[in-house]
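Comments concern the structure below.
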Amino acid sequence: MNTIKLTALKCVDPEDWGSDGDEPSLKIIIDGGKPFRVRVAKHIRKGETIPLDYEYRFKRYIQVEVWDMDEGTWYDKHDFINKFRVTSYDTPGEWFYTLSGSGAKYEVSYHLETPISQSNDQSQEHLDPLAVRKKILKHFAESPEISPRIWKYYSRDQVALEMQARFCRQGMSREEIARLSSYPYAGVTYSFSFPMQGRTELCGPAAIAYDLMLADPTSYMSSIAALYEAGECPVGGLYLRPRKKLKRSFRKRISAIDWMFLGSMRDGRNKFYDVDKDAGPLALFTPPKDMLYWLRKIYPNERIRQRLSFFGWDSDKAHRRAISEALRKTTRSFLLIDAKLIKRGLGGNRISRLHWIVIRPGTAVWSEGGNRVSFTYFTWGMETEGSFRVKDLIKYLYVTIVRE
């Protein structure tokens, strides 16, 4: 069992601006069971913190909602602020969530303990990230299936095998590989080492997921497990909360874990278009502003900057400068390009060919005259080495996103 202790509730900005402030309440849901409320305080004002001492145990997840209690009538309803979920795959320790809604802002602090935690284990296994991932995978695979499933078309066995192929493929047995291949498109996770968007325009989320996989594969894997278990999950400072239409869909030629994670990222930024099995470019393509949003949320302590204008207003000199900067960075850089740069003879218009790639740092090799450069980049589920004329890079490059 997992144990969470709610330790404090801070009112950053109240919903009611009267002299009495808000009357906060918590609504708790454990493992999808019957909700119950906990009245926190009669009054709380801006900047005040109320100590809490509520401890709960859960198997899959606990959902915490913050409300401001009013009259509860049709003309003065209770105000819902926001909610979050904590699962057995979240990182144990002291944490807090910032929740905004209905004009208010609160912080909920808590302490989490899980069976997966090895916080008191000083063995070599505790220091081995692969051993930690195997423990998470074992816990996930041996947990009972959810009924009804949150993700309608994906079973726990399929998701567990896909995570094993992607994150712990060493030592997969023939029987496990055969079981993996029996699920539609699940074998993609064995064929491709990195996130693969298939025949969709999810290259933006795939680029972010690739960066996550190299930066912290254990946290990335834990996020996928939590997304399956609870239907939502944190990714660094980003919170994924996909809508029901996505969770009740599947997509051809894309694995379960990639459709769940990449689709959830895109779904969270869409206002007018659904992400489902029929979603097209307008729903799935990622503009630069969304890449910046994701990166800044996931890595709040890093400075992320965009170079060049998406609308092509910059000079060749500015393009050359942006390319040189991206290639000499010691951290991964993101490039929005016309896919004709990497796939000669590709048809369609320029809008349909918009594509995100990621440069692997330290791989650039310039020609003697500086007119050509080769480097390793991520695209379509794999790392590829390419050699390009600088004038073609200038021609087909739209935007670079770099870490300062």
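The values are calculated or read from the model by the stated rules, or taken from the named source; none is laboratory data. Predicted model only: the values in this text are computed from it and were never measured. In this analysis, Cβ positions are derived from the backbone assuming ideal geometry, glycine residues included, and neighbour counts consider all displayed protein chains.
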**Report entry** Which listed residue, of 352, 333, is in contact (Cβ under 8 Å) with a residue 60 or more places away in the chain and under 24 Å from the mean Cα position of the chain (by Cα)
**Finding:** 333
**Report entry** Single match in 323, 298, 304 (criterion: among the β-branched types (Val, Ile, Thr) and under 16 Å from residue 375 (Cα atoms))
**Finding:** 323
**Report entry** When residues of the range 299-338 are limited to those that are touching a helix residue (DSSP H, G or I) at 6+ places or on another chain (Cβ under 7 Å) and part of a helix (DSSP H, G or I), the one nearest to residue 216 (Cα to Cα)
**Finding:** 323
Report summary line: Scanning the range 220-255 residue by residue, those under 16 Å from residue 85 (Cβ atoms) and either in contact with a His (Cβ under 9 Å, 6 or more places away or on another chain) or part of a helix (DSSP H, G or I) (or both) turn out to be 222, 223, 224, 225, 226, 227, 228, 229, 230, 244, 247
**Report entry** Which listed residue is within 21 Å of residue 389 (Cβ to Cβ), touching a residue at least 12 places away in the same chain (Cβ under 8 Å) and surrounded by fewer than 12 Cβ atoms within 10 Å (Cβ to Cβ), from 312, 345
**Finding:** 312
Requested in this report: Would you check if residue 77 is over 30 Å from residue 137 (Cβ atoms), of a type in the set (Lys, Arg) and under 30 Å from the mean Cα position of the chain (by Cα)?
Outcome: no
Requested in this report: Restricting attention to strands (runs of 3 or more DSSP E) lying wholly within the range 34-103, give those where 2 or more residues are surrounded by 15 or more Cβ atoms within 10 Å (Cβ to Cβ) and touching a helix residue (DSSP H, G or I) at 6+ places or on another chain (Cβ under 9 Å).
Outcome: 61-68, 79-87
Requested in this report: Hey, can you tell me all the residues within the range 69-97 that are in contact with a His (Cβ under 7 Å, 6 or more places away or on another chain) and more than 26 Å from residue 235 (Cβ to Cβ)?
Outcome: 69, 70, 72
Query raised in the report: Out of (1) under 22 Å from residue 90 (Cβ atoms); (2) without any contact (Cβ under 8 Å) to a residue 40 or more places away in the chain; (3) of a type in the set (D, E, K, R), what's the single condition that is false for residue 245?
Result: (1)
Report task. Select from the range 165-211 the residues that are on the phi > 0 side of the Ramachandran plot and over 20 Å from the mean Cα position of the chain (by Cα) and write down the one among them that is surrounded by the fewest Cβ atoms within 10 Å (Cβ to Cβ). Result -> 171
Query - Options 227, 262, 212: the member that is modelled with pLDDT of 95 or more, within 24 Å of residue 361 (Cβ to Cβ) and touching a strand residue (DSSP E or B) at 6+ places or on another chain (Cβ under 8 Å) - result: 212
Query raised in the report: Are there any pairs, at least 6 apart or on different chains, whose C-beta atoms fall under 9 Å, with the first in the range 14-25 and aromatic (Phe, Trp, Tyr) and the second in a loop (DSSP other than H, G, I, E, B) and buried (at least 18 other Cβ atoms within 10 Å of the Cβ), and if so, which?
Result: none
Query raised in the report: Which members of the range 362-377 meet the condition of being in a strand (DSSP E or B), touching a Leu at 6+ places or on another chain (Cβ under 9 Å) and surrounded by 16 or more Cβ atoms within 10 Å (Cβ to Cβ)?
Result: 373, 375, 377
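Each row is one residue, and each column tells you yes or no for (1) β-branched (Val, Ile, Thr); (2) modelled with pLDDT of 85 or more.
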site	(1), (2)
87	yes, yes
93	no, yes
107	no, yes
110	no, yes
117	no, no
159	yes, yes
**Report entry** Whichever residue in the range 119-144 is modelled with pLDDT of 90 or more and assigned to a loop (DSSP other than H, G, I, E, B) and, among such residues, is farthest from the chain's Cα centre (by Cα)
**Finding:** 144
